[in-house]
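Every read-out reported here was derived from the displayed coordinates using simple, explicitly stated rules and does not represent laboratory data. Since we're looking at a predicted model, the values are computed, not measured. Glycine also receives a Cβ, built like all others from the backbone with ideal geometry; neighbour counts cover every protein chain displayed.
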């Protein structure tokens with residue numbers, strides 16, 4: 001039976017993103033051909049007007065592409081959490097790493113709870129696809145007070161392991177309820193402005209049964225700080241502190257020592273620039289770096305609303321099943337801009 005190999009599989013996955021650009025390029029060519037056909041059949045003023053309209057259309061598309069290709073729209077933090085009539089909005093990063101390489105796949109996940117010891121089966125592939133989808137929706141409130149529902153899903157797909165039918169190695173599901181407050185004017189502090197306060201309750205699990213089940217619940221408080229450097233970009237800091245809740249007895253806890261590895265807080269730092277976005281997510285024993293630039297133009301084609309995305313991770317807890325296993329991964333793919 002014919003199989004799609006790894007490199008061809010990536011092309012197939014990217015093809016739907018390329019087709020709209022191909023169609024737009026064909027449309028531009030048709031418009032110019034119409035102007036050429038008018039020569040000798042219409043007055044010079046009519047032909048010139050046709051070329052002017054074609055040039056203006058191309059200029060409008062180029063301007064729109066430049067705006068859409070930016071790694072992030074440089075909105076203030078408060079704008080990301082202002083009540084809206086939109087059904088859904090972007091929450092955390094949304095990316096698709098078509099190739100992610102791990103230094104040490106976790107073949108036998110462990111936990112202090114004997115019920116969560118995973119027996120060895122087969123060796124995992126050290127390359128896979130990793131992707132994250134994250135959205136939020138406004139529920140209640142307006143102006144400076146609002147209540148939101150957020151959902152983030154992080155998935156690890158062994159897409160190159162055709163010998164085992166390309167299984168999903170791990171999915172992490174993270175619904176949360178968030179109350180957000182931002183003052184009418186940011187509170188000025190030395191070097192930064194305090195623009196936001198979020199209070200949330202979050203559940204995170206991998207949806208598995210024993211012995212692979214991993215889960216925890218937390219309440220947290222998060223502060224939003226930002227500093228605008230004008231033409232040199234903007235820095236945003238989002239420190240967050242949490243407390244675990246509802247862990248139950250040791251026999252009921254899938255991962256009783258998870259705080260020893262993931263800690264009680266994290267810090268997300270974003271540096272926005274017109275031409276790139278750099279994010280760092282720092283936890284107790286881990287660091288994740290994300291770097292995004294506008295997708296390169298290939299053969300006069302520009303992918304819309306996408307960035308070329310590079311990610312590096314080192315430490316514990318890249319996924320819940322790996323919460324107490326240290327490894328290093330690097331991945332390359334595409335991402336969608338922040339709001």
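Tabulated values for the structure
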| quantity | calculated |
| --- | --- |
| Zone of residue 149's modelled label, taken as backbone nitrogen in the stretch 75-90 under 18 Å from a point 7 Å along Cα→Cβ | 83-90 |
| Burial ordering of 164, 327, fewest other beta-carbon atoms within 10 Å first | 164, 327 |
| Rg(Cα)/(2.2 N^0.38 Å) for the stretch 139-264, N = residue count | 1.38 |
| Label point distance in nm, residue 260-residue 298, each placed 7 Å from Cα along Cα→Cβ | 4.6 |
| Ascending count of other beta-carbon atoms within 10 Å, so fewest first, for 314, 253, 37 | 37, 314, 253 |
| Shape category assigned to the stretch 137-213 from the gyration tensor of Cα positions, a/c cut at 1.5 | prolate |
| Label-point separation, residue 140 to residue 46 (7 Å along Cα→Cβ), nm | 6.5 |
| Prolate/oblate/rounded call for the stretch 77-336, Cα gyration tensor, a/c under 1.5 rounded | oblate |
| Simple spin-label estimate for residue 252 and residue 314 in nanometres, 7 Å along Cα-Cβ | 4.0 |
